[in-house]
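Data block below; observations after.
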Amino acid sequence: MTEQPSPPVEQESSVAPAAHEPVLPNPSERISADKIFGDRYDLAERFVQHLATSGMERGLLGPREVPRLWGRHVLNCAVIGEYIPEGVTVADVGSGAGLPGLALAIARPDLSLTLIEPLERRCLWLSEVIDDLELDNVVVMRGRAEQVVDFVNVDVVTARAVSALTNLIPWSIPLLHGSGEMLAIKGRSAQEEIEKARKVLKKAGGSSPEILIAGASVLEEPTTLVRIKVGS
C-alpha cells in the first residue's frame, strides 16, 4: 500500500538540547555566522546544539560530523539564501536533519518553508526543534515529494544530499507547478550530474542548469549549487 502524505506535523515540544558542552564555531566560522544570521545567531547556535545531541542520538547524523557542524553543514546551507528572493515560499525536499531547511528558516525569517520528509522519526525531531526554537515560518510535512505534490505549491525547491539530479528533478520540479526554481546543493559532481540528467530535465520542462557559487564572500569553502528554472 502506498503511504499517504500527512498534513503538517504539529507536536508539543518534548526535547531540548542535552546538557553537553556547546558546539561552538571556530573564530572564522563565528565571523561568518554573525554575517549570515545576524541577530538570530543564538537560534543558529541552539540548532547546532540540537544536531550535536538529539540529532546524533537519533541517527540523523554521525558523531564524526559534530566537529564540522558549523562549517560543513549549517553555514554551508544557510548561504544559499543569497539566491532566494525575499518573501517567497520554499519546499525543502528530503529535509532530514533540517539541512538546508532549518538553516534557511533561521537565517531568512521572511521565507515560508515546508520541510518534506518521509521518515516519521525525522519529522518528529524536526517538529521538536521548530517548537523549541519558536520558528513560526516553517512547517513539516511527512511524505515523499511525489506524494505531496497536490498539497505543496512553492516558488523555490531546495535539496541537499538527497539523490542525483536524474532522480531529484522529477521529484522536485512538479512542486513548482509550472513556475519557480530548484536549488540543489552539489559538490564536484555537479557538472557530471547535469550531463546525465539532460533527458530527464527536458521531459520536466526545466531550463538549462546553472552552476552557482554561494557564500564566496563569507565562507572559506563556498557552496556549489545547481539552479534549474521553470516557467518565466
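The values are calculated or read from the model by the stated rules, or taken from the named source; none is laboratory data. Bear in mind the structure is a predicted one, so any value in this text is a computation, not a measurement. All Cβ positions, glycine included, derive from the backbone under ideal geometry; neighbour counts span all protein chains shown. What goes into the accessible areas is simple: the full protein's heavy atoms, side chains included, and nothing from ligands, DNA or RNA. Shrake-Rupley method; radii C 1.70, N 1.55, O 1.52, S 1.80 Å.
Quick one: in the range 94-128, which of the residues that are touching a Ser or Thr at 6+ places or on another chain (Cβ under 6 Å) and open to solvent by 10 Å² or more (accessible area, probe 1.4 Å) is farthest from Leu165 (Cα to Cα)? Selected residue: Glu128. Among the residues making up the range 200-220, a single one is of a type outside the set (A, V, I, L, M, F, W, C), open to solvent by 40 Å² or more (accessible area, probe 1.4 Å) and under 13 Å from Lys186 (Cα atoms): Glu210.
Could you pull out every one of the strands (runs of 3 or more DSSP E) wholly within the range 171-232 that has 3 or more residues that are closer than 25 Å to Val148 by Cα?
Per the criteria, 180-186, 223-230.
Residues that are among the polar types (S, T, N, Q) and under 18 Å from the mean Cα position of the chain (by Cα) within the range 196-225 comprise Thr223, Thr224, listed in sequence order. When you look at Asp136, is it open to solvent by 30 Å² or more (accessible area, probe 1.4 Å), of a type outside the set (A, V, I, L, M, F, W, C), under 30 Å from Arg58 (Cβ atoms) and part of a loop (DSSP other than H, G, I, E, B), yes or no? Against the criterion (open to solvent by 30 Å² or more (accessible area, probe 1.4 Å), of a type outside the set (A, V, I, L, M, F, W, C), under 30 Å from Arg58 (Cβ atoms) and part of a loop (DSSP other than H, G, I, E, B)), Asp136 qualifies.
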